[in-house]
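Encoded as structure tokens, the structure appears first; notes follow it.
The values are calculated or read from the model by the stated rules, or taken from the named source; none is laboratory data. Worth saying up front: this structure is predicted, and the values here are computed from it rather than measured. Positions of Cβ are backbone-derived with ideal geometry, glycine not excepted, and every protein chain shown enters the neighbour counts.
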Amino acid sequence: MSQKKLRPATLLVHQGTDRDPCTGAAVVPISVASTYHHPQGQAGSYDYARSGNPSRAQVEEAIALLEGGERGFAFSSGMAAVGSALSLLKAGDHLIAPEDLYGGSWRYLTTVLPQRGIEVSFVDATDLDGIESAIRPNSRGIFLETPSNPLFKITDLRGVAEIGRRRQLLTFLDNTFMTPLLQRPLDLGIDVAIHSGTKFLGGHSDLLAGLIAVADPALGSRLKHFQNAFGAVLSPFDAFLLARGIKTLKVRLEAAQRNAALLAERLQAHPAVARVHFPGLPDFPGRDRHFAQAAGPGAVLSFELSSVAGVKTLLERLRLPIIAPSLGGVETILTHCWSMSHAAIPAAVKNSLGLGESLIRLSVGIEDPEDLWEDLEEGLKYR
Amino acid sequence: MNANSSLTLESRLVQIGVGRDERTGAVSFPIYPSATYRHPGVGESTGFDYTRSGNPTRQLLEEALAQLEGGSRALAFSSGMAALTTLFLHFAAGDHLVVSEDLYGGTYRVLDQIFAKLGLASTTVDTTDAEAVAEAIIPQTKALLVETPGNPLLGVADLGALGQLCRKQGLLLIVDNTFLTPVLQRPLELGADIVVHSATKYLSGHNDLCAGALVAADPELGERFYFLQNSTGAILPPQDCWLLIRSLKTLALRMERHCRSAQAVARRLRSHPLITAVYYPGLEDHPGHSLSQKQTEGFGGMVSFRLESPECARRVLKKLRLISFAESLGGVESLITLPALQTHGDIPPRERERLGICESLLRLSVGIEHVEDIIADLEQALEE
């Protein structure tokens, strides 16, 4: 049946391919072969696993369908996807990026891209005029996260897409926090949607994966060429696990989002917490802008403790959340951004952005929220 | 953190294995493929010697299953039938079992065609009727095996009453909890001694592995099952143990959705003119409705229905597009079967007919797709 007409919950379960055409198996086989027989010397649909593999094709087709794009690509990690997407730029080009973004992307933009002759300017991406005034004659792209990580700044995606079209810049969005279930950037005019599939899409903290979806077939061809030439492809087993994770995305994300909303509210009322960043809160600064382009607040929030000394107590006392970088798992994951997810960013830069030592990011899992709250409350008892 | 009994079931499911690998702090517990283990010295063991006897990944799964069902010990097998077969090996020639007549065909087959020859006799009975069960008990009877809800007609047995009966008569009460899982029904709390699962179904939930489990309430019985598991060796391999652990993390969410969608599908099917009967314990006029409300926390995701003719059933199977016509159940994808020819094909035709498992009966495992897509597929397939 035509997948494009199905509702998201159904699409997640069935994806592009839900039956093995040879055996009728309800699950696409894990195709481990590195190479494929060429009958009479002629290649069939597949010739070599780096160039194409049925297990990977399943997940690539799935992300294209979910993002409403034409083509999808799967990589060995989220950073492999970010790097591969940015291979659409060349030496001499200029890229505009938000000042607060995931530490790994920040490291890539400030060290790897300059080595390849690509300049990067960091701007406050909540300000469209600021973005526009950063454009130079050699600007070729705008790279975004919204909500940003970890300060939850919201960028107007339609506005940026419009600037991109008018000024002929490619627009990239890291859509990891929202997933295509909550935010579909290609529909809003963004050119390239990028995911760390390690997070909500995989959802079980047991694989690394990156994904890209694009609507424009010409961009798709260029990315395909680069993926095959560079070879940072997702392995068949991880492709299977990722496709398996995607099947339960809706039930997981809905539950996690409900839990996050509850915790955000309670954290905001807690005396040891100075501030909570979560798009679902009534007084969240970017609320209207966020909900004009996304169908939910997501399941990640961050909060600032009133005292930096409280961080140590919190990290020592918590029993339930995993204290680690990463997010989007069924298990609640708590990150001390300063020392973990954003460790790659120098202290002075972090301070100037307002990413202080007392900032905690919480990726809320699907445990019972009362268990999570009891645990957090215990951890917040610092005097 | 290690599985902590102060947490709710939902949280315990998610937290399985978290913090258990102390060396690395890995959030997802490792897969231990090693077949054997080095001994520190003669007569010394790390606790693991040979993977059939014990494997760290399987141990984690087994402990989690025991805790979820509220048992003292659980054992994981290579399929649901391997779990049942190992359980039947507990009995001796000359023993007798009383079993539900509304029962998975594979269980019927192994009892009727294999264990009967080995001297383990069995009698099938309507286990929704406690008096009929009492009448079927003979001096050699050692255990009562109940599926509730039944397969495929979803009859509901009163586990509390049957537990009392078994205690009084000195019988083991065995409950196949495949259809409901410990999220919705915990038979050991209701008086059962043993729970058996085809973990291939809801526990795994993705139609991508075969697994079975036995859970014993009593530690001695658990030890006996471990002896049988180790002696006969139908163990679940470490990769599948890990995949099953991964599945358990979303079990509560999946069951919630399966129940909600099955309820909506059952209601919609009931009003269709080509359908003569719908079997779902969540329907108010289902004979086991109030009993289900008492002993379960949900009615599950299985719905059976009867069409006006076998031809009509075949036409529906042919026209379904989203729902796969395939054996098995409990996955995220909706599956439908024709029990008379598939899952219950090994039950003699006359017996099947008596039970009402005819060729116009279909059994639907409602998946977690959008419920309106599932209903739309059924409605288009039912169009004449």
In this structure, is residue A:57 of a type outside the set (Asp, Glu), more than 14 Å from chain B (Cβ to nearest Cβ) and either out of contact with any Lys or Arg (no Cβ under 6 Å at 6 or more places or on another chain) or farther than 21 Å from residue A:211 by Cα (or both)?
yes
Checked A:199, A:224 against criteria (touching a Lys or Arg at 6+ places or on another chain (Cβ under 9 Å), of a type outside the set (Phe, Trp, Tyr) and not assigned by TED's automatic domain parsing to the domain that holds residue A:322); the one match is A:224
Counting only residues that are within 13 Å of chain A (Cβ to nearest Cβ) and either surrounded by fewer than 20 Cβ atoms within 10 Å (Cβ to Cβ) or under 19 Å from the mean Cα position of the chain (by Cα) (or both), the stretch B:323-345 contains a total of 13
Looking across the stretch A:6-30 at residues that are touching an Asp or Glu at 6+ places or on another chain (Cβ under 8 Å) and β-branched (Val, Ile, Thr), the single one that is farthest from the other protein chains (Cβ to nearest Cβ) is A:17
Residue A:366 fails exactly one of (1) touching a His at 6+ places or on another chain (Cβ under 7 Å); (2) within 14 Å of chain B (Cβ to nearest Cβ); (3) among the β-branched types (Val, Ile, Thr), namely (1)
Of those in the stretch B:202-214 that are closer than 19 Å to residue B:86 by Cα and not aliphatic (A, V, I, L, M), the residue farthest from the other protein chains (Cβ to nearest Cβ) is B:212
Within the stretch A:333-362, residues touching a residue at least 60 places away in the same chain (Cβ under 8 Å) and in a loop (DSSP other than H, G, I, E, B) come out as A:337, A:341, A:342, A:343, A:344, A:345, A:354, A:355, A:358
Scanning the stretch B:346-384 residue by residue, the ones that are among the hydrophobic types (A, V, I, L, M, F, W, C), within 14 Å of another protein chain (Cβ to nearest Cβ) and under 24 Å from the mean Cα position of the chain (by Cα) total 4
TODO: Test residue B:247 against the criterion of being buried (at least 22 other Cβ atoms within 10 Å of the Cβ), among the polar types (S, T, N, Q) and in contact (Cβ under 8 Å) with a residue 24 or more places away in the chain, and give yes or no.
DONE: yes
Only unsatisfied item for residue A:160, checking (1) in a loop (DSSP other than H, G, I, E, B); (2) without any contact (Cβ under 8 Å) to a residue 40 or more places away in the chain; (3) of a type in the set (A, V, I, L, M, F, W, C), is (1)
Exactly one of A:208, A:144 is outside any helix (DSSP H, G or I), within 14 Å of chain B (Cβ to nearest Cβ) and of a type in the set (A, V, I, L, M, F, W, C), and that one is A:208
Over the stretch A:128-149, the set of residues touching a helix residue (DSSP H, G or I) at 6+ places or on another chain (Cβ under 9 Å) and farther than 18 Å from residue A:174 by Cβ is A:128, A:132, A:135, A:139
Going through (1) surrounded by fewer than 20 Cβ atoms within 10 Å (Cβ to Cβ); (2) within 14 Å of another protein chain (Cβ to nearest Cβ) one by one, residue B:220 fails only at (2)
Residue hits (the stretch A:74-89; assigned to a loop (DSSP other than H, G, I, E, B) and at pLDDT 95 or above) are A:89
Query raised in the report: Would you call residue A:295 among the hydrophobic types (A, V, I, L, M, F, W, C) and within 14 Å of chain B (Cβ to nearest Cβ)?
Result: no
Condition set assigned to a helix (DSSP H, G or I) and touching an Asp or Glu at 6+ places or on another chain (Cβ under 9 Å), scope the stretch B:123-134, selection surrounded by the fewest Cβ atoms within 10 Å (Cβ to Cβ): answer is B:132
If you go through B:241, B:259, the only one that is within 24 Å of residue B:51 (Cα to Cα) and either surrounded by fewer than 22 Cβ atoms within 10 Å (Cβ to Cβ) or in contact with a strand residue (DSSP E or B) (Cβ under 8 Å, 6 or more places away or on another chain) (or both) is B:241
Report task. Confirm whether residue A:357 is more than 18 Å from the chain's Cα centre (by Cα), more than 21 Å from residue A:173 (Cβ to Cβ), surrounded by fewer than 19 Cβ atoms within 10 Å (Cβ to Cβ) and not assigned by TED's automatic domain parsing to the domain that holds residue A:176. Result -> yes
Exercise for review: Determine, yes or no, whether residue A:315 is surrounded by fewer than 21 Cβ atoms within 10 Å (Cβ to Cβ), over 26 Å from residue A:112 (Cα atoms) and not charged (D, E, K, R).
Suggested key: yes
- Restrict the check to the stretch B:236-249 and report whether at least one residue is of a type in the set (A, V, I, L, M, F, W, C), farther than 17 Å from residue B:333 by Cβ and more than 14 Å from every other protein chain (Cβ to nearest Cβ). yes
Filtering helices (runs of 4 or more DSSP H) wholly in the stretch B:1-110 for at least 1 residues that are within 14 Å of chain A (Cβ to nearest Cβ) gives B:9-14, B:56-69
Restricting attention to the stretch A:248-287, the residues that are within 21 Å of the chain's Cα centre (by Cα) and among the charged types (D, E, K, R) number exactly 5
